[in-house]
Amino acid sequence: MKCATVRSNLAGYLDDGLVSAASDFERVQMRKHLDACANCREELQRYRKLSLLLSRAPRVVPPADLAVRIKVAAAQKQSMQSWKLRWAGVRDRAEILMDNVFRPVMVPATGGFFSAVLVFVVVLHMMVPGISIQAVPNDVPLNLMQPAETDYAFRQSRQLGARAA
């Protein structure tokens with residue numbers, strides 16, 4: 001094993017915290033390296049001294065109202081923000097909303113909009129009398145393509161057709 005690998009795993013070796021599929025094999029390899037390498041052995045001794053000093057340090061119990069004091073301090077700090085910072089926060093939240101909510105809807109909505117415009121233009125083109133599509137004179141008339149007629153004009157065209165036949 002290399003010194004860099006051993007030194008990065010010394011804390012885990014000291015605490016028996018090496019967890020891997022081959023942890024027993026690693027411990028044996030580290031033990032062999034520590035027996036052979038004085039520098040790594042010295043580093044392990046420093047870790048042991050540090051662990052001993054930390055275990056002797058008095059434990060400080062945080063005050064019971066520490067969480068409340070932190071929340072109050074954060075709320076006061078937030079209320080002291082300038083309008084510029086508040087506006088930046090609102091803008092950031094709106095940008096996140098746009099990215100996460102509206103972006104997935106954008107392609108279907110755009111496709112739907114352009115489809116609706118295309119259908120509207122085609123239908124409008126067929127319905128508006130001044131812009132209607134010109135049919136071939138011998139074509140079978142459809143109700144969509146003919147202008148509205150009165151009943152009198154319809155009867156006259158039938159009589160003219162009957163006389164011509």
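Fully extending the segment from ASP35 to ALA88, taken as 0.36 nm per residue of separation minus the present Cα-Cα distance, adds 13.2 nm. Shown in residue order for the stretch 27-37 are the 3J(HN,Hα) couplings computed by the Karplus curve 6.51 cos²θ - 1.76 cosθ + 1.60 at θ = phi - 60°: 4, 5, 5, 5, 4, 4, 5, 5, 5, 8, 10 Hz (x for Gly and Pro). Residues HIS33, HIS125, ordered by accessible area of protein heavy atoms at a 1.4 angstrom probe radius and largest first, appear as HIS125, HIS33.
Taking a straight line from the alpha carbon of LYS2, these lysines sit under 19 Å away, with near neighbours fewer than eight places off in the same chain left out: LYS32.
The values are calculated or read from the model by the stated rules, or taken from the named source; none is laboratory data. Keep in mind it's a predicted model, so treat the numbers as computed, not measured. SASA here: full protein model, heavy atoms, side chains in, ligands and nucleic acids out. Shrake-Rupley method; radii C 1.70, N 1.55, O 1.52, S 1.80 Å.
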